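A short worksheet on the structure shown next.
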Amino acid sequence: MSPPWKVTFSSDFYLASGTITVDLPARKVLIIHDLTSKTYYLPRGRKDWSEPLEVTAIRETYEEAGCTATLFPVPLSTRCTPPSSTSTHNPQLQKARFDPSGDVLLPNTARLTEPIALMQHPQKKNGALAIVLWYVAIGDSTLPLAKETQMSDEQFEALWVLRRGPG
């Protein structure tokens, strides 16, 4: 019987991150329109060497959309290990509540800037596995977006769109 895991070496995958950037007072979400492929998506991109994924997410949001964003702590459920009680004082640790297994942080008990989702897909060009971590960020839709922040092969239009639905 083979083990339930698969090892993928660094030459066959890359790490990336992106943001779901919102302007809460305006009820808007930042999206990217790729003018070449005529698709819409959220800003994301590959991490640079030795760059923390949180930094990648914010950098890519700025590069692709021209938006200065900040990670936003959200009440999410996660399997991340909480900091030890002997670490620096963390008020979120006092609020945290876990499921009966003790392994899953219950939603609405602590606000964190941990990834809210993970996306995996094969890269079309070379078959490498893309692993993308998504973070929630805050931006200001009333501020002008910076110009000329994209790479030379990118033709993106950043748009703030109105969030529809309840709430």
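The values are calculated or read from the model by the stated rules, or taken from the named source; none is laboratory data. Model, not experiment: these values are computed from the prediction. Glycine gets a Cβ as well: all are built from the backbone with ideal geometry, and neighbour counts include every protein chain shown. With ligands, DNA and RNA removed, areas are computed over all heavy atoms of the protein, side chains included. Shrake-Rupley method; radii C 1.70, N 1.55, O 1.52, S 1.80 Å.
Solvent-accessible area per residue in the chain equals 67 Å², computed with a 1.4 angstrom probe and all protein chains kept. Largest GNM mean-square fluctuation among 34, 103, 23, using the chain with Cα springs under 10 Å: 103. Between 117, 65, 137, the GNM of the chain built on Cα springs shorter than 10 angstrom shows 117 fluctuating the most. When the chymotrypsin sites (Phe, Trp or Tyr not before Pro) in the stretch 18-61 are filtered for DSSP coil states and for at most 10 other beta-carbon atoms within 10 Å of their beta-carbon, the remaining sites are 49.
What a 1.4 Å probe finds exposed on the stretch 3-71 is 63% carbon and sulfur by accessible area, rounded to a whole percent. Only DSSP H runs of four or more residues enter the estimate; each adds -39500 (n - 2.57), and after division by the residues of the chain the mean residue ellipticity at 222 nm equals -3000 deg cm²/dmol. Kirkwood's formula applied to the C-alpha pairs of the stretch 1-113 gives a hydrodynamic radius of 17.1 angstrom. Dipole magnitude for the stretch 53-167: about 440 debye, using +1 per Lys or Arg Cβ and -1 per Asp or Glu Cβ, origin at the Cα centre.
Put simply, the amide H of residue 20, placed in the peptide plane, has neighbours under 5 Å in 135, 136, 137, leaving out anything fewer than 5 places away on its chain.
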